[in-house]
Amino acid sequence: EYHLKGNMENHTTVTEFILVGFKSHPGSQLLLSILFSTMYVVTVVGNACMILIIRMDSKLHTPMYFFLENLSILDICYSSVITPKAALTFSLGRRIISYNGCASQMFFFSLFGTTEAFFLAVMAYDRFIAICNPLLYHIIMNRRLCVFMVVGSYLSGCINCTIQTGFTFSLSFCGPKEINHFFCDVPAVMHASCSNTLVNEIVMLAVCGSIIVGTSLVVFISYGYIIITIVQMPSAESKRKAFSTCSSHMLAVSLFFGAVFFMYAQPGATSSPDKSNTISMLYTVVIPMLNPFIYTLRNRDVKWCLKKLLKRKGFFS
């Protein structure tokens, strides 16, 4: 069952891994498959609708919705790296993933995950400028800066995923190796190695920790200023309006950073596989699915544009 090949130093190297996440619940495999498949369809449809609404209505051609559209594209990519493979794994019981397949899954997962953290920080900065410097908003948040921020987020993602994947796959994997996860996440693959992983754990903690702390600091400082500004607003209506544009983003940020911090920014992140399987399911599968709903249901502009679009198509009289 395991394909092993001997290398030049006469010890065996792994050419594939076995994903054993959630295997301890044999009766729930079909249920997990249906759950993952449904979540994936909802994620793709929800985010695609978000992109379509933003593209089709010129009222939404603002920096905030430019970032939101990019977040939706990112969430589709992010979810596509993990969820379909996981759903197939549960339904067909095909838990084998090739060495190269595992490395590329880790690479793209780290790329999109890191980029999402930077996007959320960029979106918090955008809300900070909109509420704290409304008169200068269109001058500061010009098209050039918006594009620069999106490209910068992806470049940061590229740097992190190259470091994470490079360091993890420089470890030795000897003999048949099981990964206690439903995808090739960095801590789980590291755990399956027969090398000393201390340096890798330090690198992961330093790089991921600095990204999480850096991006979440931008978010917290931005929202600190936003809350102070909202509190000082004279009318209740302007307070309510300002708060409603931020509340959805605050919810998305809390969910994402809470889960990611739990996974990567604390020592011994690799120690509890079952707990980490559940937590990583939250930010890899659930959050990309929830984002379009969080932003749509809490947003009057999007709801208004959606109604207008449905009216035009004849769904509403």
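The values are calculated or read from the model by the stated rules, or taken from the named source; none is laboratory data. All values reported here derive from a predicted model rather than from experimental measurement. All Cβ positions, even for glycine, are placed from backbone atoms using ideal geometry, and neighbour counts span all protein chains on display. Ligands, DNA and RNA are stripped out before the accessible areas are found, and what is left, the full protein with its side chains, is counted by its heavy atoms. Shrake-Rupley method; radii C 1.70, N 1.55, O 1.52, S 1.80 Å.
Please compute the length gained on full extension between Val147 and Ser80, using 0.36 nm multiplied by the number of residues separating them and subtracting their Cα-Cα distance.
Answer, rounded to one decimal: 21.7 nm.
Got a number for carbon plus sulfur as a percent of the chain's accessible area, 1.4 Å probe?
69
Under 8 Å for C-alpha pairs, at least 6 residues apart: give me the relative contact order for the stretch 24-308, rounded to a whole percent.
26
What angle, in degrees between 0 and 90 and rounded to the nearest 10, separates the Cα long axis of helix 300-312 from the longest principal axis of the Cα atoms of the chain?
Taking the Cα atoms of the chain, the angle to 300-312 is about 90 degrees.
From the residues Gly166, Ser110, Ile221, which one has its Cα farthest along the dipole of the stretch 24-308 in the positive direction, the dipole being from +1 and -1 charges on Cβ of Lys/Arg and Asp/Glu about the Cα centre?
Positive-most Cα among the choices belongs to Ile221.
In nm, to one decimal, how far is the Ile202 label point from the Gln29 one, both placed 7 Å along Cα→Cβ?
Once both label points are built, they end up 4.2 nm from each other.
Could you tell me the largest-minus-smallest coordinate of the C-alpha atoms of the stretch 28-183 on each of the three principal axes, in descending order and whole angstroms?
62, 35, 21
Based on the alpha-carbon gyration tensor of the stretch 35-113 and its eigenvalue square roots a ≥ b ≥ c, which shape applies: rounded if a/c is under 1.5, prolate if not and a/b is larger than b/c, or oblate?
oblate
Give, to the nearest whole percent, the P(r) tail of the stretch 91-161 beyond 19 angstrom, counting all Cα pairs.
51
Over the stretch 90-215, what is the mean sequence separation of C-alpha contacts under 8 Å (at least six apart), divided by residue count, expressed as relative contact order in percent?
33
First select every other residue whose beta carbon is under 13 angstrom from the beta carbon of Ser153; then total the charges, Lys and Arg +1, Asp and Glu -1.
-2
Based on the Cβ-Cβ distance from Ser247 to Thr278, what FRET efficiency comes out when R0 is 30 Å, to the nearest 0.05?
The formula returns an efficiency of 0.70 here.
Enter the angle in degrees (range 0 to 90, nearest 10) between the Cα long axis of helix 236-264 and the first principal axis of the Cα atoms of the chain, meaning the one along which they spread out most.
Relative to the chain, helix 236-264 is tipped by roughly 10 degrees.
Taking trypsin sites (Lys or Arg not before Pro) as candidate sites, keep only those in a DSSP loop with at most 14 other Cβ atoms within 10 Å, then name the longest stretch of the chain containing none of them.
In short, 95-312.
Between Glu178 and Leu310, what is the label-to-label distance in nm when each label sits 7 Å out along the Cα-to-Cβ direction?
With each label point 7 Å from Cα toward Cβ, the separation is 4.8 nm.
So what's the angle, to the nearest 10 degrees on a 0 to 90 scale, between helix 99-132 and the longest Cα principal axis of the chain?
The angle comes out at about 20 degrees.
Okay, which of the stretch 234-249 sit inside 12 Å, backbone N to the point 7 Å along the Cα-Cβ direction of Ile140?
So the set is empty, nothing qualifies.
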